[in-house]
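Where a number appears in this text, it was derived from the coordinates with a stated rule and is not lab data. Being a predicted model, the structure only gives us computed values, none of them experimental. Backbone-built Cβ (ideal geometry, glycine too); neighbour counts: all protein chains shown.
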């Protein structure tokens with residue numbers, strides 16, 4: 001069964017647990033919080049262009065994980081905060097709190113193109129859908145919410161079954177992502193110069 005909106009999920013959860021007094025809205029919110037960090041899907045990909053100040057950029061509020069960082073037209077390389085020696089002409093970055101810091105330092109602002117996985121916007125009474133519900137992955141929210149509901153009801157067996165169902169739903173999302181990003185033309189690997 002596909003769950004295409006918050007109201008559909010709310011109603012189905014109420015039917016499943018048969019507890020009209022239960023805090024279903026809290027179960028849905030907690031369930032979404034539980035699964036959001038575990039999901040990485042092409043529908044989350046977002047691209048922004050930022051300008052550095054003091055060799056740093058502040059990450060977007062919905063930032064979850066970087067996919068690609070390009071600084072002044074060159075692909076940047078992640079590095080350790082402790083690194084002190086750098087290859088000439090290369091740009092490196094590391095995360096410090098909610099910022100990326102670029103090294104070696106430069107006296108002028110840099111243009112940073114950041115492609116990243118954005119956090120999934122939660123569904124609510126006022127925001128009925130998100131890409132999970134639009135692409136028939138609402139079952140992940142449903143099972144995550146039921147895990148929280150059965151934990152609240154202290155039904156360990158039902159909670160365990162819903163955890164297994166949740167893992168199946170998350171695997172379906174991961175499979176869809178893998179199919180999309182790994183299909184089409186063969187990947188080219190660039191080792192930075194001629195191979196022979």
- Arrange the following residues from fewest to most other Cβ atoms within 10 Å of their Cβ: 33, 183, 52, 165. 183, 33, 165, 52
- The extension gain from residue 16 to residue 106, computed as 0.36 nm times the residue separation minus the Cα-Cα distance, is 26.5 nm
- Helix 6-17 versus the longest principal axis of the chain: what angle, 0 to 90°, nearest 10, using Cα atoms? 50 degrees
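Normalising by the residue count of the stretch 133-189, find the relative contact order in percent from Cα pairs under 8 Å and 6+ residues apart.
Relative contact order here is 34 percent.
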- Which distance in nm do the two modelled labels at residue 2 and residue 180 give, with both placed 7 Å along the Cα-to-Cβ direction? 1.5 nm
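What number, in percent, do you get for the relative contact order of the stretch 43-118 if the mean sequence gap of Cα pairs under 8 Å and at least 6 apart is divided by its residue count?
Details: 139 pairs, mean separation 40.7, N = 76.
54 percent.
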- Ranking of 153, 18, 56 by count of other Cβ atoms within 10 Å, fewest first: 18, 153, 56
- Structure-derived log10 I(q)/I(0) by the Debye sum over Cα atoms at q = 0.08 Å⁻¹: which label, when the choices are [x] -0.40; [y] -0.21; [z] -0.24: [x]
- Item | Crossing angle, helix 156-181 versus the chain [Cα axis fit, 0-90 degrees, rounded to tens] | 40 degrees
- Residue-averaged 222 nm ellipticity for the chain, from DSSP H runs of 4+ at -39500 (n - 2.57), nearest 500: -11500 deg cm²/dmol
- Note on the structure: Quick note on 133, 124, ordering by fewest other C-beta atoms within 10 Å, gives 124, 133
- Query: What is the helix-to-structure angle for 138-152, meaning the angle in degrees between its Cα long axis and the longest Cα principal axis of the chain, kept from 0 to 90 and rounded to the nearest 10?
  - Reply: 60 degrees
- Message: Please check: in the Gaussian network model of the chain (C-alpha springs, under 10 Å), which one of 86, 102, 122 has the largest mean-square fluctuation.
- Response: 86
- Query: By how many nm would the segment from residue 155 to residue 118 lengthen if fully extended, with 0.36 nm per residue of separation less the alpha-carbon distance?
  - Reply: 9.9 nm
- Note on the structure: Simple spin-label estimate for residue 80/residue 163, 7 Å along Cα→Cβ, in nm, reads 3.6 nm
- Note on the structure: The relative contact order of the chain, taking Cα pairs under 8 Å that sit 6 or more residues apart, comes to a percentage of 32 percent
